[in-house]
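Following: one structure in structure tokens, then a few remarks.
The values are calculated or read from the model by the stated rules, or taken from the named source; none is laboratory data. Because the structure is predicted, anything quoted here is derived from the model rather than measured. In this analysis, Cβ positions are derived from the backbone assuming ideal geometry, glycine residues included, and neighbour counts consider all displayed protein chains.
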Amino acid sequence: MGMSWDDVVLIEEGKTSGDPTVVTVNCPDKAGLGCDLLRVVLEFGLYVSRGDFSTDGKWCYVVLWVVPHPSSLKIDWESLNKRLLSCCPSFLPAFYLNQLTTCSKPPQQYLLKVFSLDRKGLIHDVTKVLCELELVIQRVKVTTTPDGKVLDLFFITDGMNLLHTRIRCEETREHLSAVLGECCISCELHLAGPEYDIQLGRPSISEAVVEELFSNDLSAEESRSQTLSDDISKVKKANITVDNLLSPTHTLLQIRCLDQKGLIYDVLKISKDCDIRIVHARISACVEGYRSLDLFIQKDDGKKIEDKDNLGALCSRLKEEMLHPLRVVITNRGPDTELLVANPVELSGKGRPRVFYDVTLALKTLGICVFSAEIGRHSTSDRQWEVYRFLLDETQGFPSTHNQPKRDIVDKVRRTLMGW
């Protein structure tokens, strides 16, 4: 007898408040499975306090101890179970096989068009509703009209794959109407057609901003904001020790770096994109702000990595991802002030979860209004980036445009994104 589908993903909530929830995944292995699982965990706003991964190449066993981030929404554990299950290769009965096959197809994009009166925090409030409903924002176009109204175009996909149903559409509109209240003028939701790609376009980024945004070197301002609390010794560092002698068949990477939101996802994303198999991994608990990871890895042919150039390139990619996985700059677009946030996307084309949520949360906390916003893609020589652009409204309580307040904005946004 084989395992039942109930045993593939098990979630055991903590017995008392503050205790971590234990998530266990026991299923056939596939390339990039760990990255896919951690992406879902990050999408639900969960922090991995520690974890264990092991695989023999055919079967994978994963245990994660997770807790909600302070700013996260209420966790629907049943929905999390289903989403994790959808990542797992199937050996299940036909009914569940059909469900998982459907989930593996590229998700259908829908266009949510919200027309409303403007107010502070409006964009984040809409974004929060979408996250609560497990609707993933793919692209955004937000425009404020001269008469104080806002047209929001959200291109979304449904984590539950139910947005084609009337009940799911009505639920979405009802939640949005409840949050927007009297500000709401109209709310439409329908399939996104190809004609909207032409309407959105791809606004260019100046060469100076491109150089600053995608540089591999941390700026002085970014280095300053990486400091935790008042301890100047706790700056962002990433140390990787390579051991090829301990095991005849595995390369051991011992990683120690400053802890941050999405760290485990970022590491597993690199291994997935570089076709590196993580045979065993031990994720230790955070100690004094730092996290340690032990990874026993192989190439996709089942052999350890002995080529020094390949090892050097892998370690360089990992360090870059740990040092600054998200780029944040603030600049001038003509007479206006623009905030830009960028993160590299997976080779599969998926961007990092919850970036738009975190940025709009930071701006709302600072009391800064957004005049317009959009999400686009930008390609550099070695990768593709997801770029978030926010034109900040200086007429509604926006802080002074002197250097210090601007640095404070960048600092608050980066710290919110990093979970510091």
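Taking the conditions exactly as written (crowded, with 20+ Cβ neighbours inside 10 Å and either more than 18 Å from the chain's Cα centre (by Cα) or in the same structural domain as residue 45 (by TED's automatic domain parsing) (or both)), does residue 368 satisfy them or not? Please lay out each step first, then the result.
On the way: crowded, with 20+ Cβ neighbours inside 10 Å: yes; either more than 18 Å from the chain's Cα centre (by Cα) or in the same structural domain as residue 45 (by TED's automatic domain parsing) (or both): yes.
So residue 368 passes the test.
Count of the range 140-172 residues, restricted to those that are part of a strand (DSSP E or B) and over 22 Å from residue 84 (Cα atoms), is 12.
Inside the range 1-46, can you point out the residues that are closer than 28 Å to residue 250 by Cα and not aliphatic (A, V, I, L, M)? Selection gives 24, 26, 27, 28, 29, 30, 32, 34, 35, 36, 39.
Number of residues in the range 304-334 that are in a loop (DSSP other than H, G, I, E, B) and surrounded by 13 or more Cβ atoms within 10 Å (Cβ to Cβ): the value is 5.
So which residues in the range 293-303 are of a type outside the set (A, V, I, L, M) and crowded, with 17+ Cβ neighbours inside 10 Å, if there are any at all? Walk me through how you get there before you give the answer.
Residues of the range 293-303 that are of a type outside the set (A, V, I, L, M), as a first pass: 294, 296, 298-303.
Scanning the range 293-303 gives 296, 298.
Only a single criterion out of (1) in a loop (DSSP other than H, G, I, E, B); (2) in contact with a strand residue (DSSP E or B) (Cβ under 8 Å, 6 or more places away or on another chain) is not satisfied by residue 370, namely (1). Applying the criterion of being charged (D, E, K, R) and not in a strand (DSSP E or B) to the residues of the range 179-212, the residue that is modelled with the highest pLDDT is 182.
Among residues belonging to the range 268-295 that are among the basic types (Lys, Arg) and either assigned to a loop (DSSP other than H, G, I, E, B) or under 21 Å from residue 312 (Cβ atoms) (or both), point out the one that is farthest from the chain's Cα centre (by Cα). Spell out the reasoning first.
Taking the range 268-295 first, the residues among the basic types (Lys, Arg) are 269, 272, 277, 282, 291.
Narrowing further to those that are either assigned to a loop (DSSP other than H, G, I, E, B) or under 21 Å from residue 312 (Cβ atoms) (or both): 269, 272, 277.
Details: 269: 11, 272: 16, 277: 22 Å.
Result: 277.
Scanning the range 255-292 for residues that are within 20 Å of residue 353 (Cβ to Cβ) and not polar (S, T, N, Q) yields a count of 15. Restricting attention to the range 74-95, which residues are crowded, with 17+ Cβ neighbours inside 10 Å and either modelled with pLDDT under 75 or small (Gly, Ala, Ser) (or both)? Correct list: 86, 90, 92. Of all the numbered requirements in (1) modelled with pLDDT under 95; (2) touching a strand residue (DSSP E or B) at 6+ places or on another chain (Cβ under 6 Å), residue 306 misses one, and that requirement is (2).
Count of the range 131-153 residues, restricted to those that are of a type outside the set (Ser, Thr, Tyr) and in contact (Cβ under 8 Å) with a residue 40 or more places away in the chain, is 13.
Within the range 279-330, the set of residues being touching an Asp or Glu at 6+ places or on another chain (Cβ under 9 Å), over 17 Å from residue 268 (Cα atoms) and of a type in the set (Lys, Arg) comprises just one member, 327.
Give 48, 40, 25 a once-over and let me know the one that is over 14 Å from residue 283 (Cα atoms), in a strand (DSSP E or B) and not polar (S, T, N, Q).
25
Here the range 108-130 is the region considered, the condition is being of a type in the set (S, T, N, Q) and part of a loop (DSSP other than H, G, I, E, B), and the residue that is nearest to residue 144 (Cα to Cα) is 109. For residue 332, the criteria (1) closer than 22 Å to residue 42 by Cβ; (2) assigned by TED's automatic domain parsing to the domain that holds residue 413 hold in every case but one, which is (1).
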